[in-house]
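Down below is the structure, laid out as structure tokens.
The values are calculated or read from the model by the stated rules, or taken from the named source; none is laboratory data. Since we're looking at a predicted model, the values are computed, not measured. We place every Cβ from the backbone using ideal geometry, glycine too, and count neighbours over all the protein chains shown. Please note that ligands, DNA and RNA were not included when accessible areas were found on the heavy atoms of the full protein model with its side chains. Shrake-Rupley method; radii C 1.70, N 1.55, O 1.52, S 1.80 Å.
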Amino acid sequence: STFIGMRVGRPEKAMLRKMKPLVHLLFPIGDRSSSTRDLIQTSKNSVELELINSICKNCNIHSTSLTCPECSSPISPTLTCPNCNKILEIDACPTCKISTVPYSKIKYPLSKMITKAIRKVKYHPKPPLKGVINLTNATRFPEPIEKGILRNKHKLSVYKDGTIRFDVTNATLTHASAKMIGINIESLLELGYKNDVNGIPITREDQIFELFIQDIIIPNETAECLVKIAHFTDDLLVYLYNEKPYYQFNSKTNLIGQLIVGLAPHTSVGIIGRIIGFTHSQVCFAHPYWHSSKR
């Protein structure tokens, strides 16, 4: 008999990383029996949610931030015993002999806060607006509801660490042409590509040039997602933080020349790259040096 062995690589992939099920907002629904995890549906009933003990002493209202939504005064979270629910100022309950925590279960006015968030961002989310069953961070500090509504608006989701992630397969590339990566000669010259591989000035879209080691070519799906994230970020700046929009992108061509951070799985050091074009392939084309430096 004959045995032939080979190593099979993973298939090409360019897609938004989503939790299962998809999540718009890291905010608890407080109902383990709910299969939809829809905050809007959950808000129709009275709910108890495990949230940070952030209560304004002036207004006596619960906040999901470190400032009061009414008077804007700073709030210091209080400690409670998870067993007897006593409010304490020490790290351990003298009665129950267990550590105190900065969170507790409260009756949260979810419907009221969703309505307030909708008015603030000027957008009514299309159901479902998906949250999580429970928070797992040390303080049970949730995201602002406005963030989830804006992710719903731009068809984005959040990962468990609070980021919007896009996964794409690596592929090496050392040479390209303007026609191959979908940009015009003017943009190519502005990026610093003056001559082709033979030292001849670039005047045609089919002339081959060598990639700078920091430059990358991203899939069209990645470009579309990055434009959505730019719109989401601009809306956050305007509606949540009362600042001016930063990106103001109209199409994926606005991504040309933008700096990005490439991160390999299981590493924590990002490598700066520059977007110079797009591909129909489901891979991120870049110089071998750039891909290897991520590792």
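Structure notes:
- Listed by position, the helices (runs of 4 or more DSSP H) inside the range 111-211 whose residues that are under 25 Å from CYS68 (Cα atoms) and either in contact (Cβ under 8 Å) with a residue 60 or more places away in the chain or more than 28 Å from the chain's Cα centre (by Cα) (or both) number at least 3 are 145-153.
- Filtering ILE61, ILE40 for residues that are modelled with pLDDT under 85 and either within 23 Å of the chain's Cα centre (by Cα) or closer than 12 Å to TYR108 by Cα (or both) leaves a single hit, ILE61.
- Top-ranked residue in the range 94-110 [being open to solvent by less than 80 Å² (accessible area, probe 1.4 Å) and touching a residue at least 60 places away in the same chain (Cβ under 8 Å); ranked as farthest from the chain's Cα centre (by Cα)]: TYR108
- Meets criteria (open to solvent by less than 80 Å² (accessible area, probe 1.4 Å) and either at pLDDT 90 or above or among the acidic types (Asp, Glu) (or both)) for GLU146: yes
- Failed item in (1) out of contact with any helix residue (DSSP H, G or I) (no Cβ under 8 Å at 6 or more places or on another chain); (2) farther than 30 Å from HIS231 by Cβ; (3) crowded, with 16+ Cβ neighbours inside 10 Å; (4) of a type outside the set (Val, Ile, Thr), with ASP91 passing the rest: (3)
- The criterion of at least 2 residues that are of a type outside the set (Gly, Ala, Ser) and at pLDDT 95 or above is met by the following strands (runs of 3 or more DSSP E) wholly inside the range 230-295: 271-279.
- Across the range 210-225, the number of residues qualifying as open to solvent by less than 90 Å² (accessible area, probe 1.4 Å) and out of contact with any helix residue (DSSP H, G or I) (no Cβ under 6 Å at 6 or more places or on another chain) comes to 11.
- For the range 48-57, the set of residues classified as part of a loop (DSSP other than H, G, I, E, B) and modelled with pLDDT of 85 or more consists of ASN53, SER54, listed by residue number.
Conditions (1) of a type in the set (D, E, K, R); (2) surrounded by fewer than 10 Cβ atoms within 10 Å (Cβ to Cβ); (3) touching a helix residue (DSSP H, G or I) at 6+ places or on another chain (Cβ under 9 Å), marked per residue:
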{"residue": "TYR239", "(1), (2), (3)": "no, no, yes"}
{"residue": "ASN242", "(1), (2), (3)": "no, yes, no"}
{"residue": "ASN254", "(1), (2), (3)": "no, no, yes"}
{"residue": "GLY257", "(1), (2), (3)": "no, no, yes"}
{"residue": "VAL261", "(1), (2), (3)": "no, no, no"}
{"residue": "ALA264", "(1), (2), (3)": "no, no, yes"}
{"residue": "SER268", "(1), (2), (3)": "no, yes, no"}
{"residue": "ILE271", "(1), (2), (3)": "no, no, yes"}
{"residue": "THR279", "(1), (2), (3)": "no, no, yes"}
